[in-house]
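Derivation of every value follows stated rules applied to the coordinates shown; laboratory data play no part. The shown structure was predicted, so the numbers you read here are calculated from the model rather than taken from an experiment. Glycine gets a Cβ as well: all are built from the backbone with ideal geometry, and neighbour counts include every protein chain shown.
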Amino acid sequence: MLESILILIAVAASLILIIAARQPAEFCIARTASIKAPAAAVFTYVNDLHKWDAWSPWAKLDPQAKNAYEGPLSGTGAVMRWAGNRNVGVGSMTIIESRPDNYIQFKLEFLKPFKATNRAEFNFEFDGENTTVTWRMTGTNDFVGKLMGLLMNCDKMVGGQFEKGLVTLKSVVEASNI
């Protein structure tokens with residue numbers, strides 16, 4: 001009986017490992033919001049890393065997190081390093097491309113609770129009355145990331161934080177644009 005149980009456990013574990021190995025390595029998480037303001041007004045809140053505390057969902061997860069800034073105040077080369085609780089972790093983001101009122105790309109480096117390097121970007125499209133903002137993060141999952149993806153829905157988790165951030169960004173920008 002014990003031998004049968006051990007064989008079943010080994011087969012189940014093998015199946016889980018095989019399924020994890022077959023998961024896609026690349027991932028993309030994206031959310032979009034419409035903000036009643038010119039693209040320049042929205043762009044400023046994302047391009048200046050000092051303004052992230054006003055709208056970032058992670059700032060609310062750990063108000064005691066320590067942020068340090070390097071480089072220019074905003075735009076290409078601006079860096080923010082953070083160290084916070086287990087919900088926020090430790091890492092940095094660097095603006096690697098900034099096109100005024102149109103596009104910002106970041107290099108994200110997570111050190112804790114896990115190591116990863118990803119790209120994030122914001123696109124801003126103004127239609128004369130509203131700016132459509134798309135927040136996207138892309139990266140590559142190693143085997144552990146693929147395995148974790150079987151246990152938790154990362155798109156829902158991170159995407160949910162993006163949704164909260166975009167709602168707050170909308171509120172902050174629209175209130176300041178009155």
Point to revise | Percent RCO, i.e. relative contact order, over the chain, from Cα pairs under 8 Å lying at least 6 residues apart | key: 29 percent
Revision key, fill the gap. Most fluctuating of ILE96, ILE35, ILE104 in the GNM of the chain (C-alpha, under 10 Å) is ILE96
Check your understanding: What residues have an amide H closer than 5 Å to that of ASN141, excluding those fewer than 5 places away on the same chain, when H is modeled at 1.01 Å from N in the peptide plane?
Key -> GLU26, PHE27
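For an R0 of 45 angstrom, estimate the FRET efficiency from the Cβ-Cβ distance between CYS28 and ILE7 and round to the nearest 0.05.
0.70
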Practice item. Could you run the Karplus curve 6.51 cos²θ - 1.76 cosθ + 1.60 with θ = phi - 60° over region 106-123 and give me ³J(HN,Hα) per residue in whole Hz, x for Gly and Pro? Key: 10, 9, 9, 10, 9, 10, 9, x, 9, 8, 6, 10, 10, 10, 10, 8, 10, 10
Study note, to complete from the structure: With region 26-176 reduced to its Cα atoms and the Debye formula applied, log10 I(q)/I(0) at q = 0.11, 0.20, 0.21 1/Å amounts to -0.41, -1.39, -1.51
Exercise for review: Apply the Karplus parameterisation 6.51 cos²θ - 1.76 cosθ + 1.60, with θ equal to phi minus 60°, to every residue of region 96-104 and state each ³J(HN,Hα) to the nearest whole Hz, in sequence, with x for glycine and proline.
Suggested key: 9, 7, 9, 10, x, 6, 10, 7, 9
Exercise for review: Classify region 59-132 as rounded, prolate or oblate from the Cα gyration tensor: take a ≥ b ≥ c as the square roots of its eigenvalues, call it rounded if a/c is under 1.5, otherwise prolate when a/b beats b/c and oblate if not.
Suggested key: prolate
**Study point:** Under 19 Å from the Cα of LYS156 - lysines, other chains or at least 8 residues apart
**Key:** LYS60, LYS146, LYS164
